[in-house]
Amino acid sequence: RPACAMDWQVLTRELSLYLESQVRVGLFGSGVGLSLVLGFGVAYACYYLSSIAKKPQLVASNDRFCRFLEEYCPVVTETYYPTIWCWEGRVQTLLRPFITSRPQVQYRNELIKTADGGQISLDWFDNNDSLYYPDASTRPTVLLLPGLTGTSKESYILHMIHQSDTLGYRCVVFNNRGIAGEDLLTPRTYCAANTEDLEAVIHHVHSLHPAAPFMAAGVSMGGMLLLNYLGKTGRDTPLMAAAIFSAGWNVFESVESLEKPLNWLLFNYYLTTCLQSSISRHRQMLEKLFDMDLVMKARTVREFDKQFTSVMFGYRTIDDYYEDASPCRKLKSVGIPVLCLNSLDDVFSPGHAIPVETAKQNANVALVLTSCGGHIGFLEGIWPKKCTYMDRVFKQFVQAMFEHGDKIFSM
């Protein structure tokens, strides 16, 4: 049984211990009060087990890919038990950064130059103490792509590196331009549609370790960027596989969802201020091309993209940018095995916008869709401090590909 999973026996035991403790401290002095609490607890447990805890949907047209996942990545077929007291998508999204631990990781930073005169910051976890792969030239390498304003310091990135460390793998984190403390050398940042920087990073990493198995994992916008790259390159990539977590499949649907009143209050305005903060440090450089006063007045992600992102990358309208940035339009061209995890209650990527039918038309693609989990949430267990469902999917899939990937289409 997976260490992070919680079955109904654990749920019942925890509930009983809690109730007993409450009785001991005298909070329920009457039998009526205790009966009410017991009744509520049983009703909640029944609702949780019948409506919340469910097996994810595994969507894949290739039976051999499905059998491969069932054997070597069984977590995608197991019931996902969200944390019983915070299973709702928005709550999971908000709480994960504060609840989950932050494993200690020592990075080696590298700045690489780009063709246009810019620079990209890479944070390496070399894992030179790897017992399973002591030869650095053949040590499996995972390229990690954080979310929209994320860096190598995000808790979900640190957990992926921790999981990779236990397996003996090397990791390198691709920090988008101007995000990780480095200076902008040109008036250009990044976006989900432009894959030039990612192509440069993949080529650079592969050139350093050409004999090492190489795959990538992207989270949120990092997943969108990775999917857009894979849709563009098809099979012409040194990556052997990719894992995608909480990607926004259709940007039009994502921004519309984020502009609903509650979602704007909880996420959209904060995300917009994060974007503005990420470029304010480079204001002197960016003022050469942009009206920064107007950009800093944006109150939604859509307004920010209209005034800044779409203009920077030469799109005629924001709709042109959003169409180009939406991975759902390129999924059919992906040419390597890709596993994509999404929650159907993710306000950043609404369930109805996930391209299920398109995925069924590409034998290289598998979708894993949970009913709960939010955006980069996937919390599980009574106190979800360490392991999450997303972490387990990541660990099992990268291990399956690195150690058994040659079997994926021969089963």
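Any residue that is touching a strand residue (DSSP E or B) at 6+ places or on another chain (Cβ under 8 Å), β-branched (Val, Ile, Thr) and either open to solvent by 60 Å² or more (accessible area, probe 1.4 Å) or at negative phi (or both) - is there at least one of those in the range 27-44? There is no residue in the range 27-44 that is touching a strand residue (DSSP E or B) at 6+ places or on another chain (Cβ under 8 Å), β-branched (Val, Ile, Thr) and either open to solvent by 60 Å² or more (accessible area, probe 1.4 Å) or at negative phi (or both). Restricting the range 374-401 to residues that are of a type outside the set (Gly, Ala, Ser), open to solvent by 10 Å² or more (accessible area, probe 1.4 Å) and out of contact with any strand residue (DSSP E or B) (no Cβ under 8 Å at 6 or more places or on another chain) leaves a set whose member that is farthest from residue 171 (Cα to Cα) is 382.
With 266, 227 as the choices, which residue is more than 12 Å from residue 143 (Cβ to Cβ), in contact with a helix residue (DSSP H, G or I) (Cβ under 7 Å, 6 or more places away or on another chain) and not assigned by the TED database to the domain that holds residue 303? Reasoning before the result, please.
Numbers: 266 fails: not assigned by the TED database to the domain that holds residue 303.
Answer to the selection: 227.
Residues in the range 310-368 that are in a loop (DSSP other than H, G, I, E, B) and more than 21 Å from the chain's Cα centre (by Cα): 313, 314, 315, 316, 317, 360, 361, 362, 363. When the range 132-154 is examined, which residues are found to be touching a Pro at 6+ places or on another chain (Cβ under 8 Å) and in a loop (DSSP other than H, G, I, E, B)? Within the range 132-154, 133, 140, 152, 154 meet the criteria.
Only one entry of 180, 211, 192 meets the criterion of being surrounded by 20 or more Cβ atoms within 10 Å (Cβ to Cβ), touching a helix residue (DSSP H, G or I) at 6+ places or on another chain (Cβ under 7 Å) and not assigned by the TED database to the domain that holds residue 320, and that entry is 192. Consider the range 295-309 and keep the residues that are of a type in the set (A, V, I, L, M) and either in a loop (DSSP other than H, G, I, E, B) or open to solvent by 40 Å² or more (accessible area, probe 1.4 Å) (or both). The one that is nearest to residue 55 (Cα to Cα) is 298. For the range 162-177, a residue qualifies if it is of a type in the set (A, V, I, L, M) and open to solvent by less than 10 Å² (accessible area, probe 1.4 Å), and the qualifying residues are 172, 173. Restricting 139, 102 to residues that are open to solvent by 80 Å² or more (accessible area, probe 1.4 Å) and either not assigned by the TED database to the domain that holds residue 153 or not acidic (Asp, Glu) (or both) narrows the list to 102. The condition of being among the hydrophobic types (A, V, I, L, M, F, W, C) and either in contact with a helix residue (DSSP H, G or I) (Cβ under 8 Å, 6 or more places away or on another chain) or free of Cβ contacts under 8 Å to residues at least 12 places away in the same chain (or both) holds for only one of 240, 312, that being 240.
Go over the candidates 286, 369, 344 one by one and state the one that is aliphatic (A, V, I, L, M), surrounded by fewer than 24 Cβ atoms within 10 Å (Cβ to Cβ) and outside the structural domain of residue 184 (by the TED database). Full working, then the answer.
Values: 369 fails: outside the structural domain of residue 184 (by the TED database); 344 fails: outside the structural domain of residue 184 (by the TED database).
After ruling out the rest, the residue left standing is 286.
Scanning the range 249-283 for residues that are hydroxyl-bearing (Ser, Thr, Tyr) and open to solvent by 60 Å² or more (accessible area, probe 1.4 Å) returns 269, 270, 277.
Within the range 49-63, the residues that satisfy the criterion of being under 25 Å from the mean Cα position of the chain (by Cα) and either of a type outside the set (S, T, N, Q) or open to solvent by 50 Å² or more (accessible area, probe 1.4 Å) (or both) are 52, 53, 54, 55, 56, 57, 58, 59, 60, 61. Going through (1) modelled with pLDDT of 95 or more; (2) surrounded by fewer than 20 Cβ atoms within 10 Å (Cβ to Cβ); (3) farther than 28 Å from residue 229 by Cα one by one, residue 92 falls short only on (2). Counting only helices (runs of 4 or more DSSP H) that sit completely within the range 155-258, those holding 2 or more residues that are within 19 Å of residue 112 (Cβ to Cβ) correspond to 196-208, 221-233.
The values are calculated or read from the model by the stated rules, or taken from the named source; none is laboratory data. Keep in mind that what you see is a predicted model, and the values were worked out from it rather than measured. Neighbour counts run over all protein chains shown; Cβ positions are idealised from the backbone, glycine included. What goes into the accessible areas is simple: the full protein's heavy atoms, side chains included, and nothing from ligands, DNA or RNA. Shrake-Rupley method; radii C 1.70, N 1.55, O 1.52, S 1.80 Å.
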